[in-house]
Every structure is written in structure tokens, then in C-alpha cells.
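Heads up: the structure comes next, in C-alpha cells.
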Amino acid sequence: MIMSHGSATGIIIKDNQMYSFVARQPILDDKLRTYAYELLFRKGLSNVFPNVSSEEATTSLLTEQFLNQPIESLVGDKIAFINFPYSLIIDGLAGSLPRNKVVIEILEDATPNEALLESVKELKRCNYRIALDDFTLEPAWDKFLPFIDIIKFDWKLTSTEVIKNYVQGHRSKLVHIMCLAEKIETLEEFNTAKKLGFKLFQGYFFSKPEIVRNKSITSNQLSVTQLFTEIVKDNLDYEKIELIFSRDQALTYRLLRYVNNIRYGTNDLISSIRHAVVFLGRDNLKRFVILMWSTSMKDGKPSELSKTSLVRARFCELLAKARNSQIDSHEVFMSGLLSLLDVMMDKSFEEILGSLPISEKIKTALIEKKGELSFYIGLVIDYENMNWTRIKLRASKLNLTEQNIIDIFLEATQWANSILSEK
């Protein structure tokens, strides 16, 4: 699984002599595309759930993520959901944020009084999007509904029947509001929420494999798989590689875009598929193919999985480089990139990797969870799950500092953002 209960991918940012931590939870639409991220403040490497007030958590998050760095480094082109306690909304702090990049979440313990209502009206006049977090269904919130854009219903805290009755009983008042189902953990819950008209979803269901038998493979997947088989051979057969590309226009287009992205400072014009392949060279061609292969195999799974696999690949590669590992960097990159294929393809690694011509080191790492490559993958998974005890232990075994791990993960995330933005 990608996530643990409590958060998704985590990023740690350095602030002078102190660490600050912000967790990121993807929010998906009904087509399983990433709609936004909820940002959650954490303080310290050993304190996953910080013993701080909601006011301190929000102000720290705003300072670290909106003032010290571009928010795009965390959310890319998506928007950020930010928790706001009652006092900070009343004080007008939400108005300091870029309105096109945020959704202001009113926390569930806020008092729905006239002072809060006036502050909400002012935010709406300034074109901010506003969400009610962990909606309590209390009638006192009804007067807020005309100014609310999103309501978050806690699928664990409130029964499905109660949510259904509320949604159906308030349908006219909710016509302009997007309903978000949070803490969705199964495909069944996801489908139930969709039937009730929910448009946004937050939870762990999308990272769990739903086994589907007898899957067919698309032509694009077949082309990429053929290429993958070719580029892991000792001697490249350029004629065969060119033939495979020539049968798939979409793949050729992506190849040319990829070549264009790495033509730093050169004036070379690409005249043919063969020219593009030769220009890339073996290493860059291999990277392109495994990137295409991984993302083409997701078969309807959300792009967040593809992005996470890219972060893992780059993280593992940078980790091996940081400790001067003697293992081949391409094997490290590939092991990280392939580490989510069981989720993407709804099959076990034994089924996926058994007949593929990849190194035994990668197969051992992914199937048996053993070896140096498995250790790197384990570290990035610990990071995603915010298991700070294990992160510290693994870092020490690699003779790396916690700051090394922080910087590596941030660099890997920024790299993945840049790759996907060019696709």
C-alpha cells in the first residue's frame, strides 16, 4: 500500500535549524484523477501527530509552505486544501493565501455563529473556495450552505444511511456544492458514494489492488512491453526498436517530446525515429521506455500511482548515489519505478515479473523483499507512511543523516512533478 492511516506522501522541508513536516493526502474526482491535495502540518521527525494547537499547526504550515517556497513544489498544478480553525478565519488570515491555489477548510469544531458566517461571506466575496470539514449535519450550518463550495462527509464517523438521508433531504441546498467522501477505504464504499452523487473522494481505496481476471492488453501496452524487452538486452537492435516505434504514433510523439526535453543547449534537429533513439543513447532510452511501460500499465488506476512510482524511482536512485553504492543506478531506478506495478496491474509480482527479462536483483527485491534494492524501496515506503522510527533506523544503516533523506525525497518529488508536467 502507498498510504498509512493518517496521511499520504510526506515532504519534509528544512527551516534554519528546525524541521517542519507537511503531509499530503490526494483528493480524487469520480474518474480517479487527482483533483487536489489536503496539506496537513506535522512537527518533528518523531512526532507524527504533533501536540500543538490547530492555530499553531495552520500558521506554521502557511509560513513554511506559502512564504518560504512556491506551493507548486508540493501540489504542482493542483489546488491545496488547508485546515482553518475558527479563530484564524475570524482574524482574516485565510485572506492572505492565493485564492486560485487553495480551498479553505472550516474545521468541524468551529462554532457556526454570526461572526463566522460574516467571515465566510467575506471570503466568498473575494472568490475563495470554502469547504466544511467532517461535516456534522447540524441544522446550525444550514445558513452557511449558500456560501460553501465543498462539504466533506466522514465515511467512518457517520453511517451511510445517515449521509444518504441528509443528501437526499437537502438536495436543493446542495445543488451548487460538491460533496466529498473522506476515509473511503474500499471500492464498494467508493461506488456507494458515487451513487449518492459524490464527486470528490479521499482515502486509501485507490492504492489497494482489486483483482481482475483475464485482463486484456492494449496495443500501446503491447508496443511498450516489446520495447521494454528490447532495451534490457545487452545489445540493442536498433532496427527492431525503430519498427516498434513506427507502429505506434502516440508513442513516437512521446519519444520526440522526451528528446526535446533533454536537448539542453543543442541545435540538433531530429530527422527520424532512428536518429531520436541514437541521440538518446542507451541510458536515456531505457529511462524513457520504463517510464512509458510503467504508466501504460496502470489500466485505469489513478495517475497518483504513476507519480508515486516516479518519486520512488528517483528517490531510490538518489539514495544509492548518496551512499556511493556500487549497484547499477539503472537497476535502482527501475526497481523503484516497478514497485507499484502489483497495484497498477492488479496482479502479484510473481505473475508480473516471472517472464520478464529483468535482473534477478530486481525480481528478488520486488518478489521476495530482500536485498539492497528492497532496502531502498522499504525506506521510501516508510517515508510515505511517516514511520519515523524506521526512517531513522534505515538512514543510520546507510550512514546517511536525516537531513540527507529529507533533501533526497524533496528532490525526487520535484523531479517527478517536472517529468509529469512535460508529458
Only listed residue being over 21 Å from residue 36 (Cβ atoms) and open to solvent by less than 60 Å² (accessible area, probe 1.4 Å), chosen from 181, 131, 140
140
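Taking the conditions exactly as written (outside any helix (DSSP H, G or I), open to solvent by 40 Å² or more (accessible area, probe 1.4 Å), modelled with pLDDT of 80 or more and among the polar types (S, T, N, Q)), does residue 47 satisfy them or not? Even if it seems obvious, please write down each step before you answer.
Numbers: outside any helix (DSSP H, G or I): yes; open to solvent by 40 Å² or more (accessible area, probe 1.4 Å): yes; modelled with pLDDT of 80 or more: no; among the polar types (S, T, N, Q): yes.
Here the answer is no, as residue 47 does not meet what is asked.
Condition check ((1) in a helix (DSSP H, G or I); (2) modelled with pLDDT under 85) across all residues:
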{"position": "382", "(1), (2)": "yes, no"}
{"position": "389", "(1), (2)": "yes, no"}
{"position": "392", "(1), (2)": "yes, no"}
{"position": "400", "(1), (2)": "no, no"}
{"position": "408", "(1), (2)": "yes, no"}
{"position": "413", "(1), (2)": "yes, no"}
{"position": "416", "(1), (2)": "yes, yes"}
{"position": "420", "(1), (2)": "yes, yes"}
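Among residues belonging to the range 268-297 that are of a type in the set (Val, Ile, Thr) and either modelled with pLDDT of 85 or more or in a helix (DSSP H, G or I) (or both), point out the one that is nearest to residue 317 (Cα to Cα).
First, the residues of the range 268-297 that are of a type in the set (Val, Ile, Thr): 270, 273, 277-278, 289-290, 295.
Next, from what is left, pick out any that are either modelled with pLDDT of 85 or more or in a helix (DSSP H, G or I) (or both): 273, 277-278, 289-290, 295.
Values: 273: 28, 277: 23, 278: 24, 289: 17, 290: 14, 295: 19 Å.
Residue satisfying both the conditions and the ranking: 290.
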Given the conditions (1) buried (at least 24 other Cβ atoms within 10 Å of the Cβ); (2) more than 19 Å from the chain's Cα centre (by Cα); (3) not hydroxyl-bearing (Ser, Thr, Tyr), which single one is not true for residue 315?
(2)
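Inspect all residues belonging to the range 203-222 and state whether any of them is at pLDDT 85 or above and assigned to a loop (DSSP other than H, G, I, E, B). So that I can check it myself, show each step before the final result.
At the first step, the residues of the range 203-222 found to be at pLDDT 85 or above are none.
No, the range 203-222 has no match at all.
One residue is enough: does the range 381-404 have a residue meeting the conditions of a type in the set (S, T, N, Q), in contact with a strand residue (DSSP E or B) (Cβ under 9 Å, 6 or more places away or on another chain) and surrounded by fewer than 16 Cβ atoms within 10 Å (Cβ to Cβ)?
Residues of the range 381-404 that are of a type in the set (S, T, N, Q), as a first pass: 385, 387, 389, 396, 399, 401, 403-404.
Still in the list and also in contact with a strand residue (DSSP E or B) (Cβ under 9 Å, 6 or more places away or on another chain): 385, 387, 403.
When the remaining residues are screened for being surrounded by fewer than 16 Cβ atoms within 10 Å (Cβ to Cβ), the result is 403.
The answer is yes; a qualifying residue exists.
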Have a look at 349, 375 and point out the one that is farther than 20 Å from residue 286 by Cβ and touching an Asp or Glu at 6+ places or on another chain (Cβ under 6 Å).
349
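The values are calculated or read from the model by the stated rules, or taken from the named source; none is laboratory data. All of these numbers come straight from a predicted model, not from anything done at the bench. Glycine gets a Cβ as well: all are built from the backbone with ideal geometry, and neighbour counts include every protein chain shown. Side chains included, ligands, DNA and RNA excluded: accessible areas come from the protein's heavy atoms. Shrake-Rupley method; radii C 1.70, N 1.55, O 1.52, S 1.80 Å.
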